[in-house]
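Structure record follows, encoded as structure tokens.
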There are 2 protein chains.
Amino acid sequence: MSLLSELRATLGDAAVLSEGDLSAWEVDWRKRAQGRALAVIRPASTGEVAAVVRACSTHGVSIVPQGGNTGLVGGSIPDSSGTQVVLSLARMNRVRAIDAANLTMTVDAGCVLQAAQEAAAAAGLLFPLSLAAEGSCTIGGNLGTNAGGTQVLRYGNARELCLGLEVVTAAGEIWDGLSGLRKDNTGYDLRNVLIGSEGTLGVITAATLKLYPQPAAVTTALAAVATLDAAVGLLQLAQARLGAGLTGFEVMNAFSLDLVRRHFAALRQPLGRAPWTVLLEQSDTESAEHAGVLFEGLLQTALERELIGDAAVASSLEQSKAMWHLRESIPLAQSLEGANIKHDIALPISAVAGFVESTDAALQRAFPGIRLVDFGHLGDGNLHYNVQAPDGVDALDFVAEHEARVNDLVYDAVGACGGSFSAEHGIGRIKREQLARRESPVALQMMRAIKSALDPANLLNPGRVL
Amino acid sequence: MSLLSELRATLGDAAVLSEGDLSAWEVDWRKRAQGRALAVIRPASTGEVAAVVRACSTHGVSIVPQGGNTGLVGGSIPDSSGTQVVLSLARMNRVRAIDAANLTMTVDAGCVLQAAQEAAAAAGLLFPLSLAAEGSCTIGGNLGTNAGGTQVLRYGNARELCLGLEVVTAAGEIWDGLSGLRKDNTGYDLRNVLIGSEGTLGVITAATLKLYPQPAAVTTALAAVATLDAAVGLLQLAQARLGAGLTGFEVMNAFSLDLVRRHFAALRQPLGRAPWTVLLEQSDTESAEHAGVLFEGLLQTALERELIGDAAVASSLEQSKAMWHLRESIPLAQSLEGANIKHDIALPISAVAGFVESTDAALQRAFPGIRLVDFGHLGDGNLHYNVQAPDGVDALDFVAEHEARVNDLVYDAVGACGGSFSAEHGIGRIKREQLARRESPVALQMMRAIKSALDPANLLNPGRVL
């Protein structure tokens, strides 16, 4: 029997799509790449996922696991051969259980991040993973790519928010590693081997996640700073004063907010134009009043120490949302401005200011007139350090002609600072060559050994990561 | 040339010990096991560690990495064959660097935990890993076993406190994965593969660790509770009220404090005898006054809700230390009472009370008169659930006769609750059979595949973990 007939017999016809427009599963989020799938398989249970993997293994057909297909590195779409199946987890989208006393929640891999956040909130609790694609991305994808987002400073990446996994192995066996335990030293850390492996070592089918008490109040502020050094000084002050209460610390350069001003003129910008603008978020376990007093005191001290110029504290949930909306409008404003070259980099926080100063200058020397869109999660050292063509230059032409050289310059500088060329978006297909070039040969050898050990036939998302 | 001659030529005579009394490296911390080493090798640098591994590999001699030799599961001493070398990291004990702006510290693997804590404190910062053996254990051992301790509730295990590793592989190559990055998704998570692998996949030679701002004040309290259910209720209330300010939540049953009363009569116990006593620790980023107000409010609410009976808040650093000293005296009081059967278990917090009630009862039915020393880190679900012989029964005889049956009963009950039979002490040699029996076959198969992939000749700590 052919693979597809076999899968139709096992899963039912509706779960095996091989005709018609499959572009929703074949085209990546940024619409930069299109693959072609032999079929899209939509299992409804862990047992069905295991059956799909076993059948594909028997037929020697490789598998591309897919969640919300919001990845930015081409890791979740098939290649162009038409021989790979997309294994969509989207139908497995239940919240399986919430254990309030244990502060945990167990969800299917296909559960949309926002649905997981809402389920936690309905139980009076907080699931703190938060990122731009949260309305579409899934927990399985978040864990497969070890997603980051805006709350990493306080709560860590997706990795740190996961206590246990259920996984279908390359052999089509089910590992039930769902666990609500905070301490568990029974052998090697398979959970973390799977997290961030982008579907190349196993298929994540469910996860047990950490929850937190809801804060009593969340407050947001914007502060104008003259230099990145001052922004880092403000971060240190905020960490000392607020401790774990500091749940967000974003930075935006002047040009990134200029783009928002240009393309979203209706959005009010509370502060005047400044070299850098910081967005701070504080989550308070006591009360809005307590939060206000702490926040005002922090900003007052920062003013006195000349770390910041002007500042604005949100006085309502609306204002707070509007501040975040400014920050979150940058990627779209960038797109409206035209094609650009994106970098998702991480640096030691102590190296950020020096990196930006010297790399901005080197880029200007090499590509006079280019415009830098620098913004990101300064609190955890993660910058989206993006390059827009000079004014008046065709953006697509610029990207086509210069992307490789710009990447080399930026990634060389990142490497020299002990940084990472892939902070929170993963490797996928797009950064695979960078990994092969830039990762230490010893580390690559260990990674390849692990891949061969867990997926000897190379059927799980081949050609991604390694 | 023989291995030892070769090592003497490379490292110098003083670094290769093969004569005289080697018991400091051959006997485990609890003095329950003694091995015999071919030699104890004491390299002074990462390059020397790599040379030792290469030489041992050439000669087919297996290696037992050792830090402070304070492990409780026999993972750091050689077997009795006299053919294994102990690779002691003790001479590599430097703090390599502290990066205050990045809140990180890089230390050699042989750096003693307390020295790391003190170096952080000297820079005005906090390294929060804290456990009983901190004066002797080393960072390499802490990471090799993914140590836990008293602050896991807030800061996580050793795993969560580590951002990067330097490792010598089984092939004697050096992987420089030292990183001060909070976000880094460049390939598989080798760091977490190595952490907790107990020296069986590579030799950790250095680590970059997370630091935190020092809290402005730390306050401790004791509270008497009638049931474990009430203790869990108090935990939930404290988590909601104090958030990340809650840095310790220990529980002790009446008998464990009775033992302290009996064997350390000079230690004042601020509260009367209660079925359970909780120790709470709060770390405050604002001030001692603020901490006091919050803590009093919490305990007042807990009293009103009848979660607690009596309570005592430490009014000085001295009193605070005395409260912790009570808790930390339990293991020694137990030893003075006589041999006993120890369990280092973790449970979902929601399952702790039910587990203890039914398992206490089952043990009493099976072994009438036995005395249960229940204490541990309730905040993260980790109990040291220990069994002492009935009064008047010879303790050594009891342990010799019943240990296996007691373990089976306890671990079966732990498994039925979704718990772990190894929370923070690792597997080593002592729990290896339990792992083989109790871990899922699918997980064991993945673990064995990883071991074969990274240490194909099985020269790194063979016979431990797997």
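The values are calculated or read from the model by the stated rules, or taken from the named source; none is laboratory data. As the structure is a prediction and not an experimental result, all values here were calculated from the model. A quick note on method: Cβ atoms are made from the backbone with ideal geometry, for glycine too, and the neighbour counts reach across all protein chains shown. Heads up: the accessible areas ignore ligands, DNA and RNA and are worked out on the full protein's heavy atoms, side chains in. Shrake-Rupley method; radii C 1.70, N 1.55, O 1.52, S 1.80 Å.
Protein heavy-atom accessible surface, 1.4 Å probe, per residue over the range B:1-122: 40 Å². Residues of the range B:437-457 buried by at least 30 Å² of accessible area upon assembly of all protein chains, compared with the chain on its own (1.4 Å probe): B:442, B:446, B:447, B:449, B:450, B:453, B:454.
Each other residue within a Cβ distance under 12 Å of residue B:175 adds +1 if Lys or Arg and -1 if Asp or Glu, for a net charge of -3.
Residue-normalised convex hull volume from the C-alpha trace of chain A: 150 Å³ per residue. With all protein chains in place and ligands, DNA and RNA left out, the 1.4 Å accessible area ranks A:241, B:464 as A:241, B:464, largest first.
Quick one: check the C-alpha center-to-center distance for the range A:390-433 versus the range B:128-152, whole angstrom. The distance from the Cα centre of the range A:390-433 to that of the range B:128-152 comes to 40 Å. Note the angle between two axes, namely the Cα long axis of helix A:349-366 and the longest principal axis of the Cα atoms of chain A, as a number of degrees from 0 to 90, rounded to the nearest 10. Long axis of A:349-366 versus the principal axis of chain A: about 90 degrees. On the beta carbon distance between residue A:328 and residue A:229, with R0 = 25 Å, the FRET formula returns roughly 0.45. Interface burial in the range B:76-103, defined as at least 40 Å² less accessible area with all protein chains than with the chain alone at a 1.4 Å probe, covers B:101, B:102. Short to long, the 5 Å bins of the Cα pair-distance histogram for the range B:315-466 hold 2, 8, 15, 18, 17, 15, 10, 8, 5, 2, 0, 0 percent of all pairs.
Buried surface between chains A and B: roughly 6300 Å² of accessible area, summed over both sides, computed with a 1.4 Å probe on protein heavy atoms only.
Taken along the Cα-to-beta-carbon direction at a fixed 7 Å, the label points for residue B:97 and residue A:335 span 3.9 nm. For the range B:318-458, the dipole from Cβ point charges (+1 on Lys and Arg, -1 on Asp and Glu) about the Cα centre works out to 500 debye, to the nearest 20. Between residue B:366 and residue B:24, the contour length at 0.36 nm per residue exceeds the Cα-Cα span by 119.2 nm. Ligands, DNA and RNA excluded, the heavy atoms of residue A:401 present near 130 Å² of accessible surface to a 1.4 Å solvent probe. As a calculated quantity, the FRET efficiency between residue A:317 and residue A:262 at R0 = 30 Å, using C-beta atoms, amounts to about 0.65.
For the pair residue A:448 and residue B:254, a Förster radius of 45 Å applied to the C-beta separation gives a FRET efficiency near 0.20, rounded to the nearest 0.05.
Residues with beta-carbon under 14 Å from that of residue B:135, excluding residue B:135: net charge, scoring Lys, Arg +1 and Asp, Glu -1?
-3
With a 1.4 Å probe and all protein chains left in place, how much accessible area per residue does the range A:144-256 have, in Å²? Roughly 20 Å² per residue, with all protein chains present. With a 1.4 Å probe and all protein chains left in place, how much of the accessible area of the range B:246-309 comes from carbon and sulfur atoms, in whole percent? About 52 percent, which is the carbon plus sulfur part of the accessible surface.
Contact-buried residues of the range A:344-371, at a threshold of 30 Å² lost accessible area versus the chain by itself: A:348, A:349, A:350 (1.4 Å probe; DNA, RNA and ligands ignored).
Count Lys and Arg as plus one, Asp and Glu as minus one, and take only other residues whose Cβ is under 14 Å from that of residue A:34; the net charge is then +1. Using alpha carbons only, the radius of gyration of the range A:195-252 set against its Kirkwood radius gives Rg/Rh = 1.16. Measuring only protein heavy atoms, the 1.4 Å probe finds residue A:96 accessible over about 80 Å². Surface composition of the range B:322-466: carbon plus sulfur atoms contribute 54% of the solvent-accessible area (1.4 Å probe, protein chains only, all chains present).
Per-residue ellipticity at 222 nm computed for chain B from its helices equals -11500 deg cm²/dmol, with DSSP H segments shorter than 4 residues left out and the rest contributing -39,500 (n - 2.57).
Pairwise Cα separations in the protein assembly as shown fall into 20 Å bins from 0 onward with the following percentages, short to long: 14, 45, 35, 6, 0. So, taking all protein chains as they sit and a 1.4 Å probe, how much accessible area belongs to residue A:162, in Å² rounded to tens? Accessible surface of residue A:162 is approximately 0 Å². The fraction of accessible area contributed by carbon and sulfur in the range B:81-237 is 49 percent, rounded to a whole number (1.4 Å probe; ligands and nucleic acids excluded). Think of a 1.4 Å ball rolled over the protein heavy atoms: the range B:352-466 then has 38 Å² of accessible area per residue.
Rounded to the nearest 20 debye, the dipole magnitude of the protein assembly as shown is 1180 debye, with +1 charges on Lys and Arg beta carbons, -1 on Asp and Glu beta carbons, and the Cα centre as origin.
Computed over protein heavy atoms with a 1.4 angstrom probe, the accessible surface ordering of A:52, A:218, largest first, is A:218, A:52.
Charged side chains reduced to their Cβ positions (Lys and Arg at +1, Asp and Glu at -1) give chain B a dipole of some 640 debye around its Cα centre.
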